Structure formats: C-alpha cells, structure tokens
1. Quick check on residue 293: is it part of a loop (DSSP other than H, G, I, E, B), of a type in the set (Phe, Trp, Tyr) and open to solvent by 10 Å² or more (accessible area, probe 1.4 Å)?
2. Which residues, counting only those in region 71-93, are free of Cβ contacts under 8 Å to residues at least 24 places away in the same chain and assigned to a strand (DSSP E or B)?
3. Kindly establish whether residue 112 is open to solvent by 10 Å² or more (accessible area, probe 1.4 Å), small (Gly, Ala, Ser) and in contact (Cβ under 8 Å) with a residue 24 or more places away in the chain.
4. If I ask for residues that are open to solvent by less than 30 Å² (accessible area, probe 1.4 Å) and farther than 30 Å from residue 154 by Cα, which ones from region 249-260 would you list?
5. So, in region 378-427, exactly how many residues are farther than 30 Å from residue 343 by Cα and in contact (Cβ under 8 Å) with a residue 24 or more places away in the chain?
6. Considering only residues that are touching a helix residue (DSSP H, G or I) at 6+ places or on another chain (Cβ under 8 Å), farther than 14 Å from residue 189 by Cα, part of a helix (DSSP H, G or I) and open to solvent by 40 Å² or more (accessible area, probe 1.4 Å), which ones fall in region 261-290?
7. Looking at residue 133, is it in contact with a helix residue (DSSP H, G or I) (Cβ under 6 Å, 6 or more places away or on another chain), polar (S, T, N, Q) and farther than 25 Å from residue 283 by Cα?
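The values are calculated or read from the model by the stated rules, or taken from the named source; none is laboratory data. What you see is a predicted model, and the numbers here were worked out from it, not measured in a lab. FYI the Cβ positions are ideal-geometry reconstructions off the backbone, even for glycines, and counts take in every protein chain you see. In case anyone asks, the SASA skips ligands and DNA or RNA and just uses the protein heavy atoms, side chains included. Shrake-Rupley method; radii C 1.70, N 1.55, O 1.52, S 1.80 Å.
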Amino acid sequence: MRCDYACGTADHGIARRQFLGGLAAGSAAGIVGGLGTLAQPAAAKELATSQKRVLLFFMSGGLSQLESWDPKPKTDTGGPFRAIPTSVPGTHISELLPLTAQQMHHLAIVRSVNTKENEHSKGRFMMECGRRQMAGAKYPHIGAVAAKALAPENATLPGHIHITPGGSGGRSDNAAYLGPKYASIILGNGKPPQNSARAAELTVDADSRRNAFRRQLNNRFTARRKTAETDVYTYNYEQAQQLMRQGEVFDVSKEPAADHERYGKHAFGKHCLLARRLLENGITFVQVSHSNYDTHNENFNFHLEQVSEFDRSFSAIVNDLAVRGMLESTLIVVMSEFGRTPRINARYGRDHWGKAWSVVLGGGRIHPGAVYGATNKNGTAVSDKEVDHGELFHTYLQAVGLDSTQSFHVGGREMPMADPAVSAIDELLV
C-alpha cells in the first residue's frame with residue numbers, strides 16, 4: 001500500500017551490506033574447517049522442538065492500540081469499531097482481529113506501555129534495543145542479542161533474520177558491539193539470499209577445489225596473523241558455504257498450497273509462512289515487518305484494511321506454532337515504535353502517541369491469556385502498572401530463559417545484556 005497518509009519521515013529505511021562480502025571487523029569465533037554438524041536432519045529436527053527462538057512482528061509506523069489491543073468503543077476517542085470477546089473470558093480486542101481473538105489464550109496483552117517518545121526512529125530504537133538512543137552510544141538489536149545468547153556457536157545458518165518487503169539478502173549493521181556475525185540479514189522475496197547460489201558456469205568440482213584452496217590460505221594466514229577481522233571473514237565464508245547447501249530453507253514455495261491459502265497470498269502472508277519455515281529450521285530470531293500504520297489521515301479506513309490482513313496471517317502462525325509444539329520454546333512479540341493518539345484529528349487520523357499504548361506477547365515463559373496494566377476510560381493515559389521499553393526488553397529475554405541481568409564480555413569489557421536500571425515484568429512470566 002502506498003504510504004501517502006504518513007508523516008513523511010524516512011525512518012524505516014535499513015542500511016544494508018552484502019552478506020557474502022564487505023563485512024566490517026568485529027568479534028566472532030574463529031572457524032576455519034567448516035560448520036557442518038547442525039546441517040544434519042536429526043539435529044535440525046531436535047532444534048525445531050527444543051531451541052529457544054524469538055518471532056517479532058514490527059508494525060511499522062505505529063499501530064493504533066484503539067483499533068487493535070485496547071479498544072474503547074462508545075467513548076469520545078473510541079472510533080467506529082466494536083470490541084469483541086476472545087478465547088480468554090473477559091478479555092476483548094478490536095473487531096478487526098476476529099481470528100486473533102480465537103488465539104488469545106496463547107497470548108498476553110500489555111496495555112500500559114509509556115515510552116514518552118513520539119518520534120519514529122527514536123521510538124523504534126527504544127523498542128528494538130531496550131535503551132534510549134544516545135549520541136555516541138550504540139546498542140544491539142534484540143535479534144542480535146538473541147542470536148548471540150541463544151544460537152548454537154556452530155550454527156550453519158544465520159541466527160538473525162528480518163523479513164520485509166523488498167529485502168534481498170543484504171546484511172544490516174544493527175549488532176553494535178556484538179559484531180557483524182550477529183547482524184540481521186534482510187529477506188523479503190521468499191527466496192534464498194542473493195549471491196548464495198553457485199554460478200551455473202562453475203562446476204561442483206571446481207567450486208570444491210577453489211574453496212579448499214581458500215581454506216588452505218586462510219589457515220596459513222591465521223597461523224601467523226589471526227585477528228578478530230580475519231575471524232569474521234572466515235566465519236562468514238564458511239557459513240555462506242552451508243547456506244548455499246541449505247538454500248531450500250529460504251524457499252517459501254516449498255510450503256503446501258493449502259498453507260499459502262490459509263496464510264493469505266499477499267506479501268505479508270508469504271512473509272509469515274517464510275518466518276514459520278525459518279523457525280522450524282533452527283533460525284533463532286525472525287522479525288517480520290508489516291507497514292504502514294502511520295495513519296495521520298484516514299486512520300480507520302487504513303486500519304480496516306491493514307489490521308484485517310495482519311489478522312489472517314498472524315492468527316495462522318500462532319496456531320501453527322501451538323499445534324506443532326513450538327510455542328513453549330518460541331517467544332512471540334507484536335510491537336510498534338509507539339501507538340496512535342486517542343484524539344481523532346481533523347483528517348480522521350490519529351497522530352503519534354507514546355504515552356499509553358499496547359504490546360502483545362506470547363509463547364516461551366509468557367503467562368498465556370494475561371492482560372497486564374490498563375489505560376483510563378478513553379485511553380489518554382496509563383491508569384495501572386505502567387511499563388516502558390526497558391522493562392519489556394528484560395521480559396523478552398527472560399521469556400526465552402535468559403538471565404537479562406547478566407553481561408556479555410566484549411573486548412575485555414562487560415556489556416549488560418539489558419538496561420541494568422530496570423528489570424523484567426515478573427507478573428507476565430511463568
């Protein structure tokens with residue numbers, strides 16, 4: 001959908017680098033000989049039911065909490081949509097989410113988020129990194145943290161993937177001090193990352209001999225001048241070799257036609273089906289973007305279309321993860337950079353609102369069916385159990401079994417995994 005109703009900022013762009021080259025220096029484990037152990041089917045099957053994973057949905061632009069998780073019908077701010085009952089007695093959500101309403105016994109709603117931030121890029125940074133954006137300081141994306149802390153050290157596939165329209169396999173720079181090994185790869189077309197297929201004119205034998213020669217040179221160089229930078233290059237070349245052998249993992253066309261129909265044949269449906277496929281094949285962190293919710297104009301018409309599209313695909317993947325026994329090991333998060341104003345503006349839109357909005361969680365250690373916090377009658381302020389981005393970040397990590405009060409050891413320094421000034425929301429965890 002063309003974004004001609006938004007505020008006009010360019011805060012949703014992602015800096016990209018090619019996965020098979022152009023990698024900056026950073027910390028990584030030195031791997032020269034290969035990464036083959038987890039490529040075996042038995043290991044992959046075990047990962048599908050035991051490895052901790054995170055599935056994050058980012059509702060780019062700022063999803064309206066009033067048209068989704070915290071409706072206020074028949075109030076001066078409520079808008080035209082009703083609240084409907086869900087599979088959790090007493091819990092209601094917007095009528096735009098009828099299929100998700102049937103899955104709410106797997107999910108929890110946090111209705112009391114106050115980040116005090118109404119600017120796109122700052123709000124997004126806070127929600128994805130758990131800290132406020134500060135000059136001269138970089139913090140890793142939650143996907144980089146998850147890949148570093150949860151992915152097997154000898155994993156053969158990347159541990160941090162973002163799925164967004166137009167993504168073609170480039171690598172971002174969102175891992176900060178954790179190093180490029182944990183930065184996200186950007187996918188979007190339901191196919192393997194670009195440059196990950198062997199050139200047609202290159203025979204298998206020639207390719208094998210070429211890589212054997214490269215490894216020989218790497219080993220010789222590493223014996224004399226090993227550095228963090230050489231480790232990064234070596235690791236990524238070896239991982240690329242494994243990725244080339246497992247390209248079908250990224251091919252969503254391999255999924256049954258009935259699942260394509262059930263998820264929806266639009267781009268978001270395909271992206272959710274790809275996300276399920278990646279999680280089942282051992283990817284630690286997958287983020288799926290849905291855009292654009294920056295509805296300064298015609299908020300209700302756009303939410304009617306977009307939330308309905310989200311509802312079909314999201315409810316399908318929640319149900320599938322539950323049926324396949326993956327929900328206990330997979331954290332689901334639905335977030336935005338902020339919510340929308342309770343006040344409806346002169347253009348029938350809602351503006352940016354970071355003071356009182358909602359996030360949805362599920363799976364892992366999250367208490368299913370919980371509703372945490374509340375806003376007042378017309379949604380203008382938090383009235384109970386206010387939380388912010390830092391507390392949510394701790395909660396995400398603890399929901400997948402991590403001790404969020406611990407630190408990473410980077411270059412001889414201890415770097416806290418999450419903001420040490422706050423802690424997790426214990427009432428949401430079981």
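1. no
2. Those that are free of Cβ contacts under 8 Å to residues at least 24 places away in the same chain and assigned to a strand (DSSP E or B): 83, 84, 85, 92.
3. For residue 112, the condition - open to solvent by 10 Å² or more (accessible area, probe 1.4 Å), small (Gly, Ala, Ser) and in contact (Cβ under 8 Å) with a residue 24 or more places away in the chain - is not met.
4. 259
5. 21
6. Matches in region 261-290: 262, 280.
7. Taking the combined requirement at face value, the residue satisfies it.
So that you can scan it fast, the table gives a plain yes or no per residue for (1) in a loop (DSSP other than H, G, I, E, B); (2) open to solvent by 20 Å² or more (accessible area, probe 1.4 Å):
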{"residue": "325", "(1), (2)": "yes, yes"}
{"residue": "328", "(1), (2)": "no, yes"}
{"residue": "332", "(1), (2)": "no, no"}
{"residue": "345", "(1), (2)": "yes, no"}
{"residue": "359", "(1), (2)": "no, no"}
